[in-house]
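Worksheet for the structure shown next.
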Amino acid sequence: MTINRISCVTPPFILTRLLDSENGEIRQAALATLVTTANLRGERTVRGLIAGALAAPADGRRSVYDCKGSTFLPFATLVRSEDDGPVADPSANRAFDGFGSIRQFFRDVFQRNSIDDRGMRLQGYVHRGHRYNNAFWDGQEMVFGDGDGLVFSDFTGSLDVIAHELGHGVTEHTAGLEYHRQSGALNESLSDVVGSMVKQWALQQTADQADWLIGAEVFTPTIDADALRSMRAPGTAFDNKLFGKDPQPDHMDRFVELPDTDEGDWGGVHINSGIPNKAFYLVATGIGGNSWEAPGRIWYESLKASTSTTQFQDFADTTYQKAGQLYGTGSNQQQAVKEAWAEVGIPVTTTPSLAG
Ligand SMILES: [Zn+2]
């Protein structure tokens, strides 16, 4: 339950590779980011407990704070709250607007009242630390770094990244998928699904029109990388000298076994998420139209029906059952779900006793 609930945007393997960069500034920023992220893991358990006890319904009201380069959040100053108009700082406005889009997405599409469905406040902290190459959700608030300006840009610039992080909050308040091994990779994948649905919904793009990239905006223009991940083609988001090749698999045959440790990305949660990511992409394009309609509904209902230890196979089977319940046994939607999971090497098991 207490394993690594700090959910970071930048996969640790990218930061680790940056430690080998020839550029000293890049090495320093990556190291500082890795160290401060590790320190946060110690703080969060206590903070989460206190914050949980104080949480009160608030209709998802937004507050954005400016850390002014500090890493100690209590020193941050409130710069924009729900009823305020735009302020001078573009980062604060982007975080505020991003929260607004995501809150409206969950309300309009899934009739969900904020992260916890009880109107949880949306709190954002911008300009955290100096050249901090990450953004994270700690169970209570979303914190953004400015990036080092060399490899990474300001993390408020990416709506799907913000939605990815808030998606971790939704998972935490529903299935509570444990953040390691397959349940952790599923947790990561569900956040990418939320991230891409919110982006497509905001742009009013169909599944065919979308780029299916996660974090296309986080790298500076000088960096040879499309994004952090590609849901359409896992393993192809980047391939460069600076941080290597995208390690995501797109099929169970290429599932990556890694140690269940911080260094092993908790069994490769940011790596093996490529497999369920690809399944969702195939379902969305197989059904056609908007990803947040039937595909999103099937995934969301399956998330709510999952538990903390749900594995890939369990989730695949649940989506198949939910598609049948929502759209009919043998419907196009259910058929698309079946074909998608088969294509990534996880054929659904259609045991009647699990249905309904
Ligand atoms: Zn994540």
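The values are calculated or read from the model by the stated rules, or taken from the named source; none is laboratory data. If you're wondering where the values come from, they're calculated on a predicted model, not measured in any experiment. Every residue, glycine as well, gets a Cβ built from its backbone with ideal geometry; the counts of neighbours run over all protein chains shown.
Of the residues contained in the stretch 179-193, none is found to be within 22 Å of Ser153 (Cα to Cα) and of a type in the set (Lys, Arg). Taking the criterion of being away from the ligand (no atom under 15 Å from the Cβ) and of a type in the set (A, V, I, L, M, F, W, C), the residues of the stretch 137-151 that qualify are Leu150, Val151.
Here Glu301 meets each of (1) touching a residue at least 40 places away in the same chain (Cβ under 8 Å); (2) charged (D, E, K, R); (3) outside any loop (DSSP other than H, G, I, E, B) with one exception, condition (1).
Of the residues screened, Ala227 is one that is aliphatic (A, V, I, L, M), in contact (Cβ under 8 Å) with a residue 12 or more places away in the chain and assigned to a loop (DSSP other than H, G, I, E, B). When the stretch 5-33 is filtered for residues that are in a loop (DSSP other than H, G, I, E, B), within 16 Å of the ligand (Cβ to nearest atom) and touching a helix residue (DSSP H, G or I) at 6+ places or on another chain (Cβ under 6 Å), the ones remaining, listed by number, are Ile6, Val9, Pro11.
Of all residues in the stretch 241-271, those that are within 16 Å of the ligand (Cβ to nearest atom) and in contact (Cβ under 8 Å) with a residue 40 or more places away in the chain total 9. Of the set (1) in a helix (DSSP H, G or I); (2) among the hydrophobic types (A, V, I, L, M, F, W, C); (3) crowded, with 19+ Cβ neighbours inside 10 Å, all apply to Leu326 but (3). Remark: Gly167 matches the filter, which requires a residue to be without any contact (Cβ under 8 Å) to a residue 60 or more places away in the chain, within 13 Å of the ligand (Cβ to nearest atom), of a type outside the set (A, V, I, L, M) and assigned to a helix (DSSP H, G or I). Of everything in the stretch 106-120 that is away from the ligand (no atom under 16 Å from the Cβ) and either buried (at least 22 other Cβ atoms within 10 Å of the Cβ) or not assigned by TED's automatic domain parsing to the domain that holds Val79 (or both), the residue that is farthest from Gly60 (Cα to Cα) is Phe106.
Comparison of Ser230, Ser306 shows that the only residue that is polar (S, T, N, Q), under 17 Å from the mean Cα position of the chain (by Cα) and assigned by TED's automatic domain parsing to the domain that holds Glu339 is Ser230. Contact map, the stretch 1-25: first residue of a type in the set (Val, Ile, Thr), second residue more than 16 Å from the ligand (Cβ to nearest atom) and at pLDDT 80 or above, Cβ cut-off under 8 Å, separation 6 or more or different chains; pairs are Ile14/Phe243; Thr16/Ala30.
To keep it simple, each residue is scored yes or no on (1) at pLDDT 90 or above; (2) among the hydrophobic types (A, V, I, L, M, F, W, C); (3) loosely packed, with under 14 Cβ neighbours inside 10 Å.
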{"site": "Gly42", "(1), (2), (3)": "no, no, yes"}
{"site": "Val46", "(1), (2), (3)": "no, yes, yes"}
{"site": "Ala53", "(1), (2), (3)": "no, yes, yes"}
{"site": "Ala58", "(1), (2), (3)": "no, yes, no"}
{"site": "Asp66", "(1), (2), (3)": "yes, no, no"}
{"site": "Gly69", "(1), (2), (3)": "yes, no, yes"}
{"site": "Thr77", "(1), (2), (3)": "yes, no, yes"}
{"site": "Asp89", "(1), (2), (3)": "yes, no, no"}
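In the stretch 198-211, the condition of being within 15 Å of the ligand (Cβ to nearest atom) and outside any helix (DSSP H, G or I) is met by no residue. Of the residues making up the stretch 123-136, none is within 13 Å of the ligand (Cβ to nearest atom), surrounded by 19 or more Cβ atoms within 10 Å (Cβ to Cβ) and among the hydroxyl-bearing types (Ser, Thr, Tyr).
Determine whether Leu242 is in the same structural domain as Gln311 (by TED's automatic domain parsing) and either part of a loop (DSSP other than H, G, I, E, B) or in contact with a strand residue (DSSP E or B) (Cβ under 8 Å, 6 or more places away or on another chain) (or both). The answer is yes for Leu242.
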